[in-house]
Structure formats: structure tokens, C-alpha cells
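Worksheet for the structure shown next.
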Amino acid sequence: MSHSITELIKYMDRAKTGKRVTLKEWDYEILPKTLKEIAKKYGLEKTCDPKNPVNTDLELADQFFKAGVEAALRLGLYNDDTETIITVTEEELMSSVEAAPAELPIGKGREQVVIKARKPSDGVPPIYGGPLSIQMNEEYYIPLIETTLKSRLVDVHEGPSLDTVYGSPLLANTPYETAAGFYEARLRKEAQFRAGRQGMGNMLISSSSTEYGNLAAFSLFEQPQIALVLIPSALKTNYCSLHKCIQTLALGGYIESGSPNMMGGYTAGPECSAIASIADDLLQFSIHQAHMSGAPVYDLRYSGNCGRHALWSQTVSTQAVARNTHLIMLKTINQVAGPCTEMFYQESIVGFVANSASGLSYTIGPRSAGGKYKNHLTPLEIWFTSAVFKGAAGLSLEKANEIAKELIPKYEHLHANPPIGRSLPELHDIKTMKPIEEHYNLYMKMREEAKALGIPMPADGVLC
Amino acid sequence: MASYEELANSVIRGNAPKVIELTKSLVESGCDPLEIINQGLIGGMNVVGARFKVGEMFVPEVLMAARAMSSGVEIVKPLIAEGDMPSAGKVVLGTVKGDLHDIGKNLVAMMLESAGFEVLNLGVDISPEKFAEAVKEHQPDVVAMSALLTTTMLAMKDTIDVLAEEGLRDKVKVIVGGAPISEEFAQEIGADGYAPDAASATELCKNLIGQAS
Ligand code: B12
């Protein structure tokens, strides 16, 4: 059975009886050693070829899938709060994957879109949600979103996030989070209304990471909406995540669940991180009763994934799951350069083409300036990344690899010290939301460059 | 006879049994225990640190190397007079209240340990009071706080305030880091230092402790 609270409780019960290990044992011993053993067993060590950043060997992807299944069965998810491991049987894993939806309709009436599982080089365009939860001043929320949503390139609404509520600092894990859940939900509705997009689907909620914010936001929307269940880190869960899953199921929402696999961290190199990412994807459907998974791979050195190693790892793991299941995957594509920089556009072309061609179903973007700088997000980066993601539907993996090989050398030396670009008020007149000329010109120029690389770029419907 | 180079290489490979064997053999052949540590064990770890920095080694391998190094240190430690044992200093480290991001903090811990610091890693979601308790209990040279969220970075200031209220602020250096933190923010909240990454966090601690002594 899929998506049921009773199933979820069965796995929660297992947390009480599961093997007890310390966090250190899990992070430093069990996780890395198991992944390493599995990589060796399936002959996957040193298969990453940084000269070809997009994997094109689909048999290799299938081999990774087998390794990912074994990792899911041998590892399970570690529960941070009980310090125990929740494992699943092969039967449970496979039946939950089988029962998972291949299509999820979201939004009402003319705002409805269907998020679909895709295959590598699928001609059906993937779904784009945006913007990502990047911190914004309260007063910019409505102008940014009203303008952003005027473009039909944005199918589902997520961010930005706030760090104040009615002017007061939003402190994590306090009642300010509950307030933020309600407050952000109201701002969303207002901005969607102004953009003429009432009824569109939502990822809830950006400004709060806890179950309080989740419950607050869910209570204000007609269901189904998608809950953002970010687990503590790859192959882990905790009570906060389980709270959110139960709330979402009971209220009739969809669960998106997972966490980035940090390449260079506990999941080690690109091969082991790909195996962990596949295992992470698979386990969400049983232990969290998820409707879609979210287990991207980031390179720990720069917290992004548009460089060679992370891109390779993310493409091979996405292809593996896309070819061998009908699971819906959400993965983020993380730039490190900021708004109105050429590097941002180059990273975006590489990342969004590679992931679209690898069979990714859904993304939330962009992570301009690594998501680290307040107000560093504008509608133009959102529209551009969506146009590339959708335009790349149907492209071959070979073509995606060719594009990556051409563009990555232009920016990879800047990963450690990327240009952070400029903020929304520096790039737009907040009253009219008109972009400054330089910003507009760069956007139009980079659209032309993308077209010249062979990516059909759908129009944004606002500026072009 | 075993050589320091061989010992360093075993540390780099994270081969603890070999490190134990070589350390014992060096001790038995009468080598200076401090040299065994500095040239063999820490020498190996310095290479590991450098390789990690350029992305040639990953966290699990660095941790294995660190463990191998400690198993060697355990053997030599009893042979060294307490005051002579090389320790760069003691650091209490944690991610602040409300924040669960721990990857960057753990990297900082790892790099500090590799550079010879004694690190008390308190974990994530650490309240100002818990930091203060740890300072009382362990009397560190440095308190290091990590925050990745705009909604939790303010807890750094709360922690500094609590340390001051408890009369502990002057006894320690306070350093801060994490993606949204900047030098200006560090100054604004009255911290003694900020570092953008784990390698420079180690340098920062060395400098601050150097200044203090
Ligand atoms: C991985 C990640 C997660 C993982 C965390 C896994 C874990 N166990 O740590 C998960 C998925 C759980 C997560 C959750 C959330 N996250 Co998060 N996350 C990230 C991400 C992508 C990478 C962070 C990372 O590990 N980087 C790699 C390490 C090595 O780098 P680092 O942490 O910066 O550390 C280095 C330096 O900063 C420094 N350093 C770190 N600490 C210290 C301490 C000292 C003393 C010193 C000197 C130096 C130092 O040295 C380190 C090594 O070089 C960042 C994006 C980003 N660009 O940073 C977002 C990010 C930090 N997250 C963000 C958000 C919003 C959240 C959530 C609130 C999302 C939500 N709505 O639920 C939750 C919050 C959960 C919580 N209560 O803490 C935002 C923060 C925005 C903001 N300014 O506040 C970011 C920036 C993403 C974004 N918007 O683009 N996240």
C-alpha cells in the first residue's frame, strides 16, 4: 500500500527496535564503509570520467542502480532522534517503489500541471518550480513573486523565504516559525492573485524548517500541495521529518522527501555519492511514504553541482533511477554565481540541460549566488533556468555532454571564489520591476547563446 | 628499522594497525617520541590536510587517517612529559541553537584535530547555555560557533552575551563561521574572529592563541 499513515507508523515502530548505533559510528564507519564495499562489489570504483561530465553510458547507469538497491537494503535510514537504524526488507522496498505514482497532478483548473516520471532524453518537458528558498526582505516578496509568476515558465511556487515576520527577526525553532508559516502562506496567495495565478501548486513552506511551519502553511491551502521534507542529511531521518510526513498524509498533501548527498563528505567520491543518492531516492517511498524523492549530489568544496564531478554523479544516479523505475525525482541544480553574471548563465545551461536530458522529472531553482546572499534573486534567472530545463527535453546525453565540455572550462576555476552578482533592488526598479538595461541585455544575450548551442528556448511571455 | 616517512605514509593511508606496528618499532629503536609525533604522525596528517584541501581526499579517508594518527599518539603519549606533549590548544565547537547544518562544522573539527588541536565537538542545535556550560567544564582556549541560516546566526550574539553574563567572555576567544557569516557580522556581534573555510579556521585559531599567550 502506498502513502498511508499506518505504513509510516510501522517504520516508526521499527525505529524503537532498530539497531542502536551512535551518530559517529553511522557517519564515520557504517555509511562510508558500506558504500565503498558496494562500489567495489559492482565494479564501480573510479568509473567517474571528469573529462565527460555528463554520463552517457546507460549500462553503467543500470549497474549503479543495482548497487543503489543493495545500499538501500543494507543501510536503511538512520534516525537521529532515536539513534537507531530503520531498515526495510526487499519486498517492502520494491513494493513501495512499484506503488509510487508516475504522475502527480498539482494545482487547480487552468493552473493544473502534471509532474511526470521521465526517462533519459524524454521529449516531455519536465516541471519547474520556483524560486528556491533564498532569503528576501519582506517588502520584496510580493513584487518579486507577482512578476515572476507572470511567466508560465514557472509551474509550481516555492520561495523565496523570509527572515523576519512583520518586521521581527524570525528565530528558528520558536513560535516565530509558526507565525512565518501562516504569514508566508498569505503573502503567497496575495502574490499569486496579483499575478493572475490563483490555484497554482505550492511547495510548502520556505521560511520555516519545522513541523510547526508545515502545519501552519498546509492549513491555509486546498490540497494537494507538496510538503518539503528535508531529512537531516543523506540516508537519515528524524522526528521533525516524520512529523511533517504524518501531517502531510493526514491533510491529503504530497510528500517530497530527501536531502543532498555531499560529495567529498561522508558519502565520499562521485561514485559512492551516486550510489547513496539512488539509495536515498528509493528509501523515501517506503520509510517516509513519499510521493517524490529529492536526493541531489552537491560538491562539498563549493556547495554546488555544476562542476564536473558532481554533475557526473548526479547525471548517472538520475539516469539509473529514471531507467529502472517510474519514480518522480526532484533534484536541485545549484549555481554558485549570482544574478547578472555570465557565470550564472553558463552554470545554468550546463546543469539544467544535463539534468533534463538525464530524465529528471522536476526541479526547484535557481540557487543564485549559492543561495547564500540575501536578496540575490531576480525573475530573469528564474525564467532563464526554466526555459533551459524545458527546452532541453528530448536532447541526447551526448549533446548534453558536448555542451558541458564546452562551457565548464569557462567557469570551473571560479568555483572557489565565484562572482556573487547583484541583488534584486540593484537590478530592478522595485516599483515597476523593470530590469536595468545591463541585466536585461545579458539575459537576452545568454538566451541567444543557449539557442546557438542547440537548445530550443521557450519564450518567457513577459520580456520575450 | 621503520622510518618516519613510512609512518607518515601509513597515516596517509589510514592504516591504523600498520601505524601501531611502526610506532612501536620506532619507540623500541630509541627514537625521540616528540620526533615520532611531529615528523611521522603529524607529518602524515599535514599531507592529508593538504590533499583534502585540493579535493584529492574525502572526509571518510581523512577521518581514517586521523584515527590512525591517534592510535600512534596513544603509544607515544606516556613517554612524553605532560607539559611537552604538543597540543595546539583546546577548542569547544558547535552549531548554534535551531540550526542542524553540521557538515561544515565537522570539517572544521576535523581540520583542527589534524593540526593538533583538542576539539570538543558539542554537536548541533547548541543553546547559549550549553556553550557556557562547556566553557566552564573544559576551559577551552577558543569557542567556535557555526551557523548556516539567517534565522540562527543571531543565536551567536546570544551566546556571546551569555558568556559575558557568566563572566567567561574574557577567558576565551570566540570565532564564528558558516555560509551567511561575514567578517563584518563577526565584528558586529563582538566575536574575535571569522574564517571562511576549515583550513583558514585552523590558521585563525593558531593566530588567536598565539596572540593570547
Ligand atoms: C546541505 C544543506 C542542508 C542539509 C543539511 C545537512 C547537514 N547535516 O548539515 C539539509 C537538507 C538538512 C538542510 C536543511 C535546511 N536548509 Co540548508 N543547506 C545546505 C547547503 C546546500 C549546503 C551546506 C553545506 O553543508 N555546505 C558544505 C560545507 C562544507 O560548507 P559550509 O557549511 O559553508 O562550511 C564551511 C564554511 O562555511 C566554514 N565554516 C562552517 N562552520 C564554521 C564554523 C567556524 C567557527 C568557522 C571558523 C568556519 C566555519 O568552514 C566550512 C568548511 O570549509 C546550503 C547551501 C549553501 N550554499 O551553503 C543550504 C542552506 C544553508 N540551507 C538553507 C535553508 C533555508 C535550509 C532550511 C531552512 C530549508 C527548509 N525550509 O527546511 C533547512 C534548515 C534545517 C535546520 N533547522 O537547520 C539556506 C539558508 C538561507 C539563509 N541564508 O538562511 C541555504 C543557504 C540554501 C539556500 N537558500 O540556497 N540544508
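The values are calculated or read from the model by the stated rules, or taken from the named source; none is laboratory data. Bear in mind that the values here come from a model prediction, so they are computed numbers and not experimental data. Virtual Cβ from ideal backbone geometry, glycine too; neighbours counted across all protein chains shown. To get the accessible areas, we keep the full protein, side chains included, count just its heavy atoms, and leave off ligands, DNA and RNA. Shrake-Rupley method; radii C 1.70, N 1.55, O 1.52, S 1.80 Å.
Annotations
- Where the alpha-carbon atoms of chain A are placed on the principal axes, they occupy 59, 49, 39 Å, in descending order.
- An ellipsoid equivalent to segment A:299-441, defined through the eigenvalues of its Cα gyration tensor, has semi-axes of 27, 16, 13 Å when rounded to whole angstrom and sorted largest first.
- Mean ellipticity per residue at 222 nm, deg cm²/dmol - from DSSP H runs of n ≥ 4 across chain A, formula -39500 (n - 2.57): -14000 deg cm²/dmol
- At 0.890 mPa s and 25 °C, Stokes diffusion of segment A:284-377 via Kirkwood alpha-carbon radius, µm² per second: 179
- Computed from Cα positions, the angle between helix B:128-138 and the longest principal axis of chain B comes to roughly 40 degrees.
- DSSP beta bridges in the protein assembly as shown [antiparallel fraction, %, rounded to 5]: 20
- Per-residue mean of foreign Cβ neighbours for B:53-64 is 6 (Cβ atoms of other chains, 10 Å radius).
- For A:Lys236, residues with placed amide H under 5 Å, excluding near neighbours: A:Tyr78
- Surface per residue (accessible, 1.4 Å probe) for segment B:44-180, Å²: 42
- Separation of alpha-carbon centers, segment A:380-426 and segment A:156-223, rounded to whole Å: 29
- Using C-alpha pairs under 8 Å with a sequence gap of at least 6, the mean separation divided by the residue count of chain B gives a relative contact order of 17 percent.
- Taking 28 Å as the straight-line reach from the Cα of A:Lys399, the lysines in range (excluding those fewer than 8 positions away in the same chain) are A:Lys46, A:Lys51, A:Lys66, A:Lys116, A:Lys119, A:Lys331, A:Lys390, A:Lys410, A:Lys445, A:Lys451.
- Set B:Lys171/B:Lys206; A:Lys10/A:Lys244; B:Lys130/B:Lys157; A:Lys24/A:Lys244; B:Lys105/B:Lys206 screened for pairs whose C-alpha atoms are more than 19 Å apart: A:Lys24/A:Lys244
- Per residue of B:147-160, other chain Cβ atoms within 10 Å of the residue Cβ number 4 on average.
- Across segment B:89-212, Cα-Cα pairs farther apart than 21 Å form 26% of the total.
- Label point at B:Lys24 placed 7 Å out along Cα→Cβ; residues across segment B:49-85 whose backbone nitrogen lies under 18 Å: B:68-79
- Simple label model, 7 Å out from Cα along Cβ direction - A:Val462 to A:Lys108, nm: 2.4
- Test item: B:93-104 mean partner chain Cβ contacts at 10 Å: 4
- For segment B:4-79, the ratio of Cα radius of gyration to the globular rule of thumb 2.2 N^0.38 Å stands at 1.02.
- For segment A:13-172, radius of gyration divided by Kirkwood radius, i.e. Rg to Rh on alpha-carbons: 1.06
- Partner aspartates and glutamates for A:Lys189 [C-alpha distance under 18 Å; skip if fewer than 8 residues away on the same chain]: A:Glu111, A:Glu138, A:Glu139, A:Glu146, A:Asp155, A:Glu158, A:Glu222
- Pairwise centroid distance, computed over Cα atoms, of segment A:1-21 with segment A:253-313, Å: 22
- Take every pair of alpha-carbon atoms less than 8 Å apart whose residues are at least six positions apart; their mean separation over the length of segment B:4-79 yields a relative contact order of 48 percent.
- Only beta bridges with both residues in segment A:103-335 are counted; by DSSP, about 25 percent of them are antiparallel.
- Computed log₁₀ I(q)/I(0) - Debye formula, equal Cα scatterers, no solvent, segment A:48-112, q 0.20, 0.26 Å⁻¹: -0.92, -1.08
- Contact order, relative form, for chain A: 21 percent (alpha carbon pairs under 8 Å, 6 or more residues apart, mean separation divided by residue count).
- q = 0.12, 0.14 Å⁻¹: log10 I(q)/I(0) that the Debye formula gives for segment A:142-287, counting C-alpha atoms only: -0.55, -0.73
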